[in-house]
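Comments concern the structure below.
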Amino acid sequence: MPMAYSTYAFYIDRLGKYAGFEDKLTSYCFRRGIANAVDGVASDAVRDQVMRHDPFTGVFNGAYINNVVRFNIQDAFLEGEITDDGLTQAFTHISIRCNPGVPKEVPTKIMNSLLATDSDIIDFEKRFKQLHTKIKWNYKFIRCAPQMVRKQYGDLRQKITNAKKSLKDEIEKEFRKDYFFRVHNEMMKKQLHKQADKTAENKENDMLIIQYQLNERYQLQSILYDFFKDLFPQDIVSRKISVINLIIALAFR
């Protein structure tokens with residue numbers, strides 16, 4: 001028998017979590033990826049069949065293909081010459097929003113403590129316990145209670161189940177979101193500290209190890225590698241003029 005869509009979506013969602021994707025993985029991701037892969041290779045009818053669209057409706061051209069940017073975004077952002085370098089284009093398609101080390105689930109201790117303090121769940125469980133005690137007292141067994149009472153008992157139990165599931169899903173979502181947020185911050189801090197340490201180390205080592213054959217080049221690097229920003233406007237202009245003069249002097253050597 002074919003798999004129900006709800007089951008399919010459930011396993012895709014689990015796959016995305018276990019793979020460490022920050023964003024939720026859905027069937028839409030696969031449909032779009034496959035459609036972009038077959039576009040231009042297969043016929044439009046086959047492509048529309050992949051997208052589960054009626055043939056020749058133009059939905060793909062109107063809503064999907066426009067999101068495929070066939071342009072070297074990195075070069076444009078860096079204000080460099082726009083190239084068709086395949087390696088650069090490959091890197092622009094690599095996702096950095098995936099971390100296989102992300103926790104697969106919220107620790108049990110944290111989850112239980114949050115569930116135990118939710119006001120709605122506490123109220124439902126209190127009412128459920130009171131109703132359970134009342135049924136036991138009056139009818140001894142749940143199955144012996146009238147249908148209306150049993151329905152009330154079952155509805156209340158279902159409300160507790162739904163409330164817990166909804167809260168668990170929200171906790172897992174926020175937990176993963178907080179994890180990625182902290183990971184990104186730590187990576188940025190490490191990168192900044194690494195660059196600062198490397199800059200300080202280079203300032204010390206470059207003066208001792210690198211031997212410049214041209215005095216102009218030595219003067220130029222001393223200006224370019226000076227990252228001091230608290231300068232007066234006239235000092236900034238003076239530095240720019242010095243750099244220009246040194247570059248011109250190097251060009252004539």
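Give, as residue ranges, the helices (runs of 4 or more DSSP H) completely inside segment 1-80 that count at least 1 residues that are modelled with pLDDT of 70 or more.
Result: 5-19, 27-38, 44-50.
Can we say Thr83 is exposed (fewer than 11 other Cβ atoms within 10 Å of the Cβ), at pLDDT 55 or above and either among the polar types (S, T, N, Q) or at positive phi (or both)?
Criteria not met by Thr83.
In segment 166-173, is there at least one residue being among the β-branched types (Val, Ile, Thr) and either in a helix (DSSP H, G or I) or at pLDDT 85 or above (or both)?
yes
Pairs please, first residue from segment 107-124 and acidic (Asp, Glu), second anywhere and surrounded by 11 or more Cβ atoms within 10 Å (Cβ to Cβ) and assigned to a helix (DSSP H, G or I), Cβ atoms under 9 Å, 6+ apart in sequence or on different chains.
Sorted first by the residue in segment 107-124, then by its partner, the pairs are Asp118/Ala163; Asp118/Lys164; Asp118/Leu167; Asp120/Lys159; Asp120/Ala163; Asp120/Leu167.
If you take the residues in segment 1-38 that are farther than 20 Å from Lys177 by Cα and among the small types (Gly, Ala, Ser), which one is farthest from the chain's Cα centre (by Cα)?
The extreme case among them is Ala4.
The values are calculated or read from the model by the stated rules, or taken from the named source; none is laboratory data. Not measured: the values here are computed from a predicted model. Here Cβ is always computed from backbone atoms with ideal geometry, including for glycine, and neighbour counts include all displayed protein chains.
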